[in-house]
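Following: one structure in structure tokens, then a few remarks.
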Amino acid sequence: MESNPGIKRGLLVNFSLYLVAVIFTICVLELSTFYDYKRWALQSLPVYCFAALITGLLFIGCKLCSEKKDDSASNLKESSGVRSNIVFSFSAKIWGFIRNCLTKEKNVFFLQAAVAFAVFLGALIVPLSYNIVKLNQHTLPIGQNGKYVQPEVQVIEVAGKKLDHGKGPYVAPPKKSGTSLLATPKPMPVNDYFAYLPGMSFFGVAYNEDVPKLLSDSRWYFSLFGLGGFALAVFLLKKDRNFKLTCFIALSLLPTATLTLATGGDDIPVIAFMVLSAVLLYRDKTLLAGLSMGFAMSLKFTAWLMFAVLVYTILRKYSTRDVVKFFAGTFAVLMPILIAGIYNNVYGFVTNAIRFPLGLSGTSSPADSALPGHLITSHFPHYKGVILLFLIALFFIVCIAFAVKYPPNDIYSMLFAVSFVMTAAILLAPNTRFGYLNYPVDLATVATAIFFDSKGSKNIAGSTLVAQQLSSV
């Protein structure tokens, strides 16, 4: 059986992804000022180089095997000599074995899956395990373990420990009786702020005395739910396993996921459940899509941006019954979590989850990448409130103009719209990080996957349908 052209396309895409990962990892190694990022790059660079090399060789091998050539053995002259015949026979058998392997779609797939598993181990599990082991050999306060963990991981673990003891995740300075929620609070130490929604504290519940220290790190659970969400979303796509493997590599095995999870990773489960919700909507599973979106919205306000665009899309595309199911699923998950985490400490919630990320809490946020919104507010600190209102207005103007010019009419165009909206939000936010660009990158990746997935046999990793049709002619 001749090699499917779609398989070669998939190998070429996978090779390109791994090559991008190699370039990105080298840039991290050379340019990053964070020790934990540089160490991850040192550990992961050989793995990505190996993956790119093997995938490139597989591509070349499949391309050679697919070329129809006359059997050179039939042209071999009888007078070649005994020794040369033995050598040729041995070489021919080796090449025949390789060709037999690479012309079978199943074999190529499992070789690619083996490479992907090696990347999973080498770029995520090994660096993450190393960081956790080293972290448990040191007992430094939160914020002083930058060599092995980002501070937000330990903030979430503290919140999980509070949840395990029946307490809320938010702490706020005392305020005078009758003081408005809008009044500027007294500043607190930066690592006392829990700048998330209550659902994020679930990932820190394992951080207690009953769980072994090596298993209590919340990054394990970020990885479990994040990669699990990505895997389920990819599984729900309609295309063949080669296409799905390519999508999984793009979402889960590139540095956007592995570097993030090895050092921090709280954004990955948020992205994963947003992606899962979009794919479930694409498959017309509106209730399940609502449940997934509700969980994402209970973790961070970032998911609420996607919800707004999603609502605009489903009100135009889906029936009233499906819209009701989506909203029912969303709020069935979201409201109990929000109410349980907020009802007895509204002031703490406003201070931690709203004022602190917006730079209005009296304490500087560590999210201070040199993006336009942060640069503007930091240069005019006395006008921060006015500038914030201006940036919010500018954000809505940009989003409305985009919606009018390119209204999302289906799931993949909705995801592209969300990617654009989030890019604008990240660039204009007063406190932000370059790492937040994971959101628009991953959402655009899923949008591309759904676009190709919905176009029959025209997909980036190929389909056996083409080969079947050609063979029947």
(request) Considering only residues that are part of a loop (DSSP other than H, G, I, E, B) and surrounded by 14 or more Cβ atoms within 10 Å (Cβ to Cβ), look in segment 133-145 and name the one that is modelled with the highest pLDDT. (result) Ile142
(request) Look at segment 2-31 and say how many of its residues are surrounded by 15 or more Cβ atoms within 10 Å (Cβ to Cβ) and outside any helix (DSSP H, G or I). (result) 2
(request) Any residue in segment 420-431 that's free of Cβ contacts under 8 Å to residues at least 60 places away in the same chain: show its pairings with residues that are β-branched (Val, Ile, Thr) at Cβ separation under 6 Å, as long as the two are six or more apart or on different chains. (result) Ala424/Val398; Ile426/Thr432
(request) Collect the residues in segment 209-248 that are buried (at least 24 other Cβ atoms within 10 Å of the Cβ) and among the aliphatic types (A, V, I, L, M), keeping them in residue-number order. (result) Ala233, Val234
(request) Would you tally the residues in segment 174-208 being farther than 12 Å from Lys162 by Cβ and either in a loop (DSSP other than H, G, I, E, B) or modelled with pLDDT under 75 (or both)? (result) 21
(request) Please work out if Tyr130 is of a type in the set (Ser, Thr, Tyr), in contact with a Phe, Trp or Tyr (Cβ under 6 Å, 6 or more places away or on another chain) and either farther than 30 Å from Thr33 by Cα or modelled with pLDDT of 85 or more (or both). (result) no
(request) Provide a single number: the residues in segment 407-441 that are modelled with pLDDT of 85 or more and more than 18 Å from Ala308 (Cα to Cα). (result) 2
(message) Here is a list: Val275, Val324, Val279, Val309. Which entry is free of Cβ contacts under 8 Å to residues at least 12 places away in the same chain and assigned to a helix (DSSP H, G or I)?
(response) Val324
(request) Inspect all residues belonging to segment 208-216 and state whether any of them is closer than 17 Å to Ser292 by Cα and without any contact (Cβ under 8 Å) to a residue 60 or more places away in the chain. (result) no
(message) Can you tell me which condition Ala257 does not meet? The list is (1) more than 24 Å from Gly341 (Cβ to Cβ); (2) crowded, with 24+ Cβ neighbours inside 10 Å; (3) more than 10 Å from the chain's Cα centre (by Cα), and all the others hold.
(response) (3)
(message) Checking the condition over 22 Å from the mean Cα position of the chain (by Cα) and of a type outside the set (Lys, Arg), which residue from Ala429, Ala447, Ala403 passes?
(response) Ala403
(request) Give segment 31-82 a look and list any residue that's among the basic types (Lys, Arg) and at pLDDT below 85, or say none. (result) Lys63, Lys68, Lys69, Lys77
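The values are calculated or read from the model by the stated rules, or taken from the named source; none is laboratory data. Every value quoted in this text rests on a predicted model; they were computed, and no experiment measured them. Because the Cβ atoms are built from the backbone with ideal geometry, glycine has one as well, and the counts that use them run over all protein chains shown.
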